[in-house]
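A.B. asks: So that we are looking at the same thing, I have put the structure below in structure tokens.
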Amino acid sequence: MIKTKLLITLCGFIGMFTITNATDTPKPKKVVSKDPVDYVNPYIGNISHMLVPTYPTTHLPNSMMRVFPVRDNYTTNYLGGLPLIVTHHRSESGFNFYPSQGNESKITPQQNLSYDQEKVTPYRYQVYLDELNVAIDFAPSHQSAVYQISFEKKGSPYLVFNCERGQIQAHGNIISGYKELGNKTRVYIYAVTDVAPAKAGVPGSTGVDWSIESGTAIALKYPDGTKNIGMRYGVSFISIDQAKNNLEREIKNYGVNAVATAGRKIWNDALGKIAVSGASDKETTVFYTSLYRTYERPVCISEDGRYFSASDGKVHNDGGHPFFTDDWLWDTYRAAHPLRILINRNVENNILRSYILMAQQTGQNWMPTFPGVSGDERGMNSNHGIASIADAWNKGLRGFDLAKAYEVSKGAIEDKSLIPWSHAVPAGELDKFYKEYGYFPALKPGDTETVAHVSRWEKRQPIAVTLGTSFDEWCLSQIAFDLGKTDEAKHYLRASYNYRNVFNPKTGFFHPKDKDGNFIEPLDYRTSGGPGARDYYDENNGYIYRWDVQHNIGDLVSLIGGKEKFVAALEDMFNEPYPMARWSFYNILPDHTGNVGMFSMANEPSFHIPYLYNYAGAPWRTQKRIRSLLDQWYRNDLMGVPGDEDGGGMTAFVVFSQMGFYPVTPGSPTYNIGSPCFPYMKMNLGNGKFFEIKAVNASFNNKYIQSAKLNGKVWNKPWFNHSDIINGGVLELVMGPFANKSWGVNSPPPSAAPMP
């Protein structure tokens with residue numbers, strides 16, 4: 001039986017409980033007006049189809065302070081503590097703590113917490129620890145946060161803090177310390193409670209040693225009868241003193257409501273940059289939840305005009321330009337960066353400026369690929385930060401030095417090894433081979449790897465590297481042309497055609513070659529290549545990499561045999577069944593989920609593929625396919641994301657596709673038109689400029705474009721230019737239930753210039 005006092009406390013907990021009487025007469029429901037943040041459901045995707053789920057993250061847009069429940073996924077029965085900051089991608093908590101009450105001998109450095117009544121919003125986290133009878137309320141600011149912890153049981157309450165690697169100590173009601181993150185990087189904390197503890201000590205396996213007041217964990221005992229403890233704290237990557245400054249600048253008392261209210265407004269301002277209307281709550285929820293996810297990374301780590309850079313282990317002045325890191329560029333260059341160019345131009349300028357600085361601070365002048373808080377992880381393959389530079393510049397952003405950007409982008413291609421997941425590795429024999437022969441060589445079946453730095457797990461990924469680098473070199477050529485480096489631009493434009501060197505004209509697929517120029521045989525484009533197909537591709541199979549020529553789809557149409565064969569090949573991919581039992585297929589390709597035939601909605605190299613019908617005279621097929629994929633794989637439920645969300649890489653695709661257009665070729669100032677989910681969309685471009693899409697009759701059934709106008713003129717192209725909308729524009733579409741197979745068929749989107 002829950003005590004009355006506890007029930008009252010919990011009922012005041014932001015509507016976490018609703019008490020009704022079964023005999024009450026139902027009353028008509030009022031239509032409640034929702035703000036954008038009210039549509040956000042952080043639980044979407046919290047159960048994974050295969051690999052990593054989404055996490056219900058509470059944070060402010062692009063801010064250092066991020067938390068989510070300390071657990072593997074939504075089905076986990078216990079919390080591994082209460083988070084203080086998430087500092088690393090995936091699920092690592094920088095610090096955590098837990099409350100306790102009762103038997104002191106049971107206090108250990110960490111404990112699992114049974115929980116219930118959890119409620120997560122972008123700006124507030126609440127949970128009830130049901131075995132402890134403790135209610136938790138949390139709200140974040142940018143570099144600080146506040147907790148309220150309410151105890152119900154009798155006896156002295158405790159708070160136990162853990163940093164795992166580092167040191168934490170207590171002096172009176174102040175808790176401070178640091179955690180080691182690797183690569184000479186630390187995260188610091190400075191916390192204050194509104195109740196002074198009676199004593200502090202270090203917890204061990206058999207209780208607390210009250211004679212020691214610092215260690216990797218610290219326990220604080222509060223006076224008997226204490227029912228509520230408020231805790232506010234700041235975090236820093238610079239020092240404990242800076243963490244204190246961050247706290248005192250942002251949060252001056254222990255009121256969770258005030259911080260949550262401020263956070264709610266910040267989120268509504270951010271999400272409100274794109275207004276959508278006219279569709280169901282389900283579609284609107286998926287849209288705003290996806291948009292919220294694009295704001296989780298990168299994070300601004302400037303603190304009072306300074307930042308710690310793991311690139312050189314030093315603290316720098318930011319010169320008035322906030323410094324950003326923690327970005328998975330292999331994933332996010334495709335849609336997340338292009339989305340910021342439209343709705344957060346200043347932020348995107350500062351992000352790219354930060355990456356150029358990182359490259360310079362390392363002394364290597366290599367554009368980062370996976371910039372993180374503790375340094376560049378050099379994740380995945382290729383160097384797609386180059387694409388984000390080219391895309392931003394070609395769409396009018398001027399907040400970074402293009403000459404410096406070119407220097408570090410060129411360094412990433414010429415001086416750094418193209419070997420996947422290679423860190424501080426200069427170019428070597430495989431890179432020399434690529435530059436001489438125009439493709440990355442594959443090992444013959446049975447050959448043993450002899451090249452240093454090739455990962456036993458990640459392998460060479462020769463097709464992924466060849467195609468990805470061809471695209472990067474096209475982007476580099478665009479930057480060189482903008483700088484007037486004509487000879488270098490022509491060189492990289494020629495190199496951007498290197499994908500042709502691994503195209504197999506007999507099969508119409510990109511096919512790995514050995515060092516002697518022979519195609520690897522036998523080869524199954526569905527399953528060959530070992531775990532993740534990494535011997536030849538990467539995470540995806542040959543059916544996906546068949547289309548990985550983002551910069552020159554027009555040439556790919558020709559290689560495959562013209563428009564009809566190109567469309568037939570796309571349809572073949574969507575219709576090709578599993579070649580074996582699904583569990584066997586996913587044992588080989590666990591990233592290749594969200595399947596429609598051999599198409600994988602779950603992995604980033606697939607995202608532009610549904611738009612490729614636009615290049616072959618069949619835009620209606622793009623309209624049909626996009627709407628069906630969104631309906632099949634992006635839903636308002638716990639499994640509503642088909643694969644790894646990857647730092648906004650996947651959800652930015654959803655945002656664009658639901659709006660009705662997509663940047664197939666980052667680096668080109670163009671967008672492909674798809675099929676809008678909303679009858680009306682209005683995007684705030686800044687400076688009083690707006691881009692609107694008015695899709696008359698748009699619905700799930702009315703997914704086909706019947707006619708179009710752009711800025712008042714009849715429009716028969718399945719694409720438009722950035723310049724058409726950036727100063728304000730209106731795309732008017734008339735939608736219907738059956739395809740207009742003549743609309744947009746004769747004006748394919750642009751592709752790369754011919755080879756010089």
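A.B. asks: So, in region 433-446, of the ones that are touching a residue at least 40 places away in the same chain (Cβ under 8 Å) and part of a loop (DSSP other than H, G, I, E, B), which residue ends up farthest from TYR492 (Cα to Cα)?
C.D. replies: Going through the qualifying residues, I end up with PRO445.
Residue-wise test of (1) surrounded by fewer than 23 Cβ atoms within 10 Å (Cβ to Cβ); (2) modelled with pLDDT under 95; (3) in a strand (DSSP E or B); (4) on the phi > 0 side of the Ramachandran plot.
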residue: PHE161; (1), (2), (3), (4): no, no, yes, no
residue: GLU164; (1), (2), (3), (4): yes, yes, no, yes
residue: GLN167; (1), (2), (3), (4): yes, no, yes, no
residue: ILE189; (1), (2), (3), (4): no, no, yes, no
residue: ILE212; (1), (2), (3), (4): yes, yes, no, no
residue: ARG232; (1), (2), (3), (4): no, no, yes, no
residue: ALA243; (1), (2), (3), (4): no, no, no, no
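A.B. asks: Of SER100, SER114, SER105, SER144, which residue is of a type outside the set (D, E, K, R), outside the structural domain of LYS282 (by TED's automatic domain parsing) and closer than 30 Å to ILE351 by Cβ?
C.D. replies: Testing whether each residue is of a type outside the set (D, E, K, R), outside the structural domain of LYS282 (by TED's automatic domain parsing) and closer than 30 Å to ILE351 by Cβ leaves just SER144.
A.B. asks: Okay, next question. Which one of the conditions (1) surrounded by fewer than 24 Cβ atoms within 10 Å (Cβ to Cβ); (2) out of contact with any His (no Cβ under 7 Å at 6 or more places or on another chain) does GLU250 fail to meet, given that it meets all the rest?
C.D. replies: (2)
A.B. asks: Would you confirm, using the coordinates I've provided, whether GLU250 is within 22 Å of ARG165 (Cβ to Cβ), in the same structural domain as LYS184 (by TED's automatic domain parsing), among the acidic types (Asp, Glu) and touching a residue at least 12 places away in the same chain (Cβ under 8 Å)?
C.D. replies: no
A.B. asks: How about region 253-305: which of its residues are out of contact with any Ser or Thr (no Cβ under 8 Å at 6 or more places or on another chain), outside the structural domain of ALA145 (by TED's automatic domain parsing) and more than 25 Å from MET659 (Cα to Cα)?
C.D. replies: SER302, ASP304, GLY305, listed by residue number.
A.B. asks: At least 2 residues that are over 20 Å from PHE440 (Cβ atoms), at pLDDT 95 or above and not aromatic (Phe, Trp, Tyr) in each: list the helices (runs of 4 or more DSSP H) lying fully within region 537-599 that qualify.
C.D. replies: In region 537-599, 553-560, 563-575, 582-588 are the helices (runs of 4 or more DSSP H) which contain 2 or more residues that are over 20 Å from PHE440 (Cβ atoms), at pLDDT 95 or above and not aromatic (Phe, Trp, Tyr).
A.B. asks: Give the residue, chosen from GLY255, GLY272, that is farther than 30 Å from ALA170 by Cα, out of contact with any Lys or Arg (no Cβ under 9 Å at 6 or more places or on another chain) and surrounded by fewer than 23 Cβ atoms within 10 Å (Cβ to Cβ).
C.D. replies: GLY272
Here's the yes/no breakdown for (1) in contact with a helix residue (DSSP H, G or I) (Cβ under 6 Å, 6 or more places away or on another chain); (2) outside any loop (DSSP other than H, G, I, E, B):
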site	(1), (2)
PRO522	no, no
TYR525	yes, no
ALA602	no, no
TYR613	yes, yes
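A.B. asks: Identify the single condition in (1) assigned to a loop (DSSP other than H, G, I, E, B); (2) among the basic types (Lys, Arg); (3) touching a residue at least 24 places away in the same chain (Cβ under 8 Å) that ARG500 does not satisfy, given that it satisfies every other one.
C.D. replies: Every condition holds for ARG500 apart from (1).
A.B. asks: Within the group ALA412, ALA405, which residue is touching a helix residue (DSSP H, G or I) at 6+ places or on another chain (Cβ under 6 Å) and either outside the structural domain of TYR333 (by TED's automatic domain parsing) or modelled with pLDDT of 95 or more (or both)?
C.D. replies: ALA405
A.B. asks: Cβ-Cβ under 7 Å, sequence separation 6+ or interchain: first residue in region 58-71 and at pLDDT 95 or above, partner small (Gly, Ala, Ser) and part of a loop (DSSP other than H, G, I, E, B). Which pairs?
C.D. replies: Final answer for the pair search is LEU60/SER141; MET65/SER141.
A.B. asks: Please enumerate the residues belonging to region 31-63 that are aliphatic (A, V, I, L, M), more than 14 Å from the chain's Cα centre (by Cα) and either surrounded by fewer than 17 Cβ atoms within 10 Å (Cβ to Cβ) or farther than 21 Å from GLN126 by Cβ (or both).
C.D. replies: Scanning region 31-63 gives VAL31, VAL32, ILE47, MET50, LEU51.
The values are calculated or read from the model by the stated rules, or taken from the named source; none is laboratory data. Given the structure is predicted, the values throughout are model-derived calculations rather than measurements. In this analysis, Cβ positions are derived from the backbone assuming ideal geometry, glycine residues included, and neighbour counts consider all displayed protein chains.
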